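Reviewing the structure listed below.
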Amino acid sequence: MNKLSVNHLLGIEHLTEEDIQLIFTVADNFKQIINRPIKKVPSLRDITIANLFFENSTRTKLSFELAEKRLSADVVNFSASNSSVKKGETLIDTVNNILAMKVDMVVMRHPTPGAHEFLSRHIDANIINAGDGTHEHPTQALLDAYTIREKHGDLAGKKVVIVGDILHSRVALSNIYCLQKLGAIVKVCGPLTLIPKHIKELGVEVEVDIKKALEWCDVANLLRIQLERQDTKFFPSIREYSLKYGITIELLNEINKEITILHPGPINRGVEISSEVADAKDSVILNQVENGVAIRMAVIYLLASSIK
C-alpha cells in the first residue's frame, strides 16, 4: 500500500500503524535526498500549499516551508497577526479566500483545539495540522518516533517517558498516540498539577519521581514548561521545577545507563534540561530537527498524491 488511509493529517489519533510506517519509509527516501548536494525534487511542481499560522511559530513553520520547497511546491505564507482576521474575518472566510486563489493544501496552526477537524468538513483541500491549541501536533510526534526508530530500531517494547508539562502540551498527546500505535510503552512524569486527570485512560502510567522514571526508561522526551498557556501557577517557581524535574548530567551519571534524550524545542536551558545534557552524545535533539524536514516532506508528498 502506497497511500495513506486518510486525506488529511488532523491528528495521530486518525492514523493506522500502517500509515505511520508508510510515512517513515517515504521519509527514509527523502532523508537521503536532503543530504545530497542537490536537495530538491520536482515531485510537487504543480501543487500550491498555503501555510496558515494563527499562532507564533519558528521551527515548525520553517520546517514545513523548507519541506514544501524541497518538493518544488509553490508556497504561500499567511500570518494571522498581519491579516483580516484582526478585522473580524472568520476562519472559513479566510481559508476560502485563500482557496479561491487555487491552493491545493493547507498547513495550519491554530490556538483552538479541533479547528482543523472543523475546517476539513467545510473546505475542499488537504489539511495538515501543525498544532491545534493543547490538543495535537501530529508531525512532531511522527518526527519524534522516527528519531527513536533511527536510534533504537523497532519501537515495539521500548520504554519512553514524557517529562514535564503534559497538561498544556499538544506534543505529549500526539506522542502517546503515536508511540502506542508502534508498540512502545509510555509513562509520563512531572508534578501532578501538570498531569491531566484522566491520562491513565490512555493506557499511560504516571510517575512523579524523575529518578525512578529515568531508571525505567530507554528514551526520555523532555517538554518545555509552557508558561504562555498557563493562566494560573501550577508549581511554586521555575527554580523549584528545575531542581525537582530538570535533567542534569549529574542526575544521568547517578543513574549510569544510556538514555536517549529528545526535546521538541524550544529548549529552556537550565530549566527542563541542562546545556551539558542537551549537547551530550545521547541527545538526539538536532537529529529531530533534521528529521522534521524529511517527515514533513513525506506527509505532504503522500497527501498530495490524492490531489492528482
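Just wondering, is there one or more residues in the stretch 174-189 that are aliphatic (A, V, I, L, M), out of contact with any His (no Cβ under 9 Å at 6 or more places or on another chain) and touching a residue at least 40 places away in the same chain (Cβ under 8 Å)?
The answer is yes, given that some residue of the stretch 174-189 is aliphatic (A, V, I, L, M), out of contact with any His (no Cβ under 9 Å at 6 or more places or on another chain) and touching a residue at least 40 places away in the same chain (Cβ under 8 Å).
Among the numbered criteria (1) at pLDDT 95 or above; (2) under 21 Å from V284 (Cβ atoms); (3) buried (at least 20 other Cβ atoms within 10 Å of the Cβ), which single criterion is violated by I127?
The failed condition is (2).
Could you count how many residues in the stretch 284-294 are crowded, with 20+ Cβ neighbours inside 10 Å and farther than 15 Å from V41 by Cα?
4
So S5 fits all but one of (1) farther than 30 Å from P266 by Cβ; (2) touching a residue at least 24 places away in the same chain (Cβ under 8 Å); (3) among the polar types (S, T, N, Q); what number is the exception?
Just one mismatch for S5, condition (2).
With respect to K257, is the statement that it is surrounded by fewer than 13 Cβ atoms within 10 Å (Cβ to Cβ), in contact with a helix residue (DSSP H, G or I) (Cβ under 9 Å, 6 or more places away or on another chain) and either of a type outside the set (S, T, N, Q) or not in a strand (DSSP E or B) (or both) true?
Yes; evaluated as a whole, the condition is true for this residue.
Taking the criterion of being in a loop (DSSP other than H, G, I, E, B), closer than 14 Å to M297 by Cα and in contact with a helix residue (DSSP H, G or I) (Cβ under 9 Å, 6 or more places away or on another chain), would at least one residue in the stretch 64-80 satisfy it?
Checked the stretch 64-80: at least one residue is in a loop (DSSP other than H, G, I, E, B), closer than 14 Å to M297 by Cα and in contact with a helix residue (DSSP H, G or I) (Cβ under 9 Å, 6 or more places away or on another chain).
So P111 passes all but one of these: (1) without any contact (Cβ under 8 Å) to a residue 40 or more places away in the chain; (2) surrounded by fewer than 14 Cβ atoms within 10 Å (Cβ to Cβ); (3) under 27 Å from H14 (Cα atoms). Which condition number does it fail?
(1)
Quick one: in the stretch 261-272, which of the residues that are at pLDDT below 95 and either closer than 20 Å to D218 by Cβ or not assigned by TED's automatic domain parsing to the domain that holds I249 (or both) is surrounded by the fewest Cβ atoms within 10 Å (Cβ to Cβ)?
Checked the stretch 261-272; the qualifying residue surrounded by the fewest Cβ atoms within 10 Å (Cβ to Cβ) is E272.
Find the residue count for the stretch 4-60, including only residues that are closer than 30 Å to D154 by Cβ, exposed (fewer than 12 other Cβ atoms within 10 Å of the Cβ) and among the basic types (K, R).
Of the residues in the stretch 4-60, 1 are closer than 30 Å to D154 by Cβ, exposed (fewer than 12 other Cβ atoms within 10 Å of the Cβ) and among the basic types (K, R).
What number goes with the only condition from (1) buried (at least 21 other Cβ atoms within 10 Å of the Cβ); (2) over 19 Å from the mean Cα position of the chain (by Cα); (3) not in a helix (DSSP H, G or I) that L155 does not pass?
Tallying (1) buried (at least 21 other Cβ atoms within 10 Å of the Cβ); (2) over 19 Å from the mean Cα position of the chain (by Cα); (3) not in a helix (DSSP H, G or I), L155 fails exactly one: (2).
Among the residues of the stretch 281-303, which ones are under 30 Å from Y241 (Cα atoms), aliphatic (A, V, I, L, M) and either assigned to a helix (DSSP H, G or I) or at pLDDT below 95 (or both)?
I285, L286, V289
In the stretch 269-295, how many are more than 14 Å from the chain's Cα centre (by Cα) and in contact (Cβ under 8 Å) with a residue 24 or more places away in the chain?
Number of matching residues: 10.
Do any residues in the stretch 296-308 that are in the same structural domain as L62 (by TED's automatic domain parsing) have Cβ atoms under 7 Å from those of residues that are of a type in the set (F, W, Y) and buried (at least 22 other Cβ atoms within 10 Å of the Cβ), where the two are at least six apart or on different chains, and which pairs are they?
Pairs that qualify, where the first residue is in the same structural domain as L62 (by TED's automatic domain parsing) and the partner is of a type in the set (F, W, Y) and buried (at least 22 other Cβ atoms within 10 Å of the Cβ), are R296/F64; M297/F30; A298/F30.
Given the options D104, D46, name the one that is among the charged types (D, E, K, R), out of contact with any helix residue (DSSP H, G or I) (no Cβ under 8 Å at 6 or more places or on another chain) and closer than 23 Å to I307 by Cβ.
D46
The values are calculated or read from the model by the stated rules, or taken from the named source; none is laboratory data. Owing to the predicted nature of the structure, the values given are computational and were not obtained by experimental measurement. Positions of Cβ are generated from backbone atoms using ideal geometry, with glycine treated the same way; all protein chains shown enter the neighbour counts.
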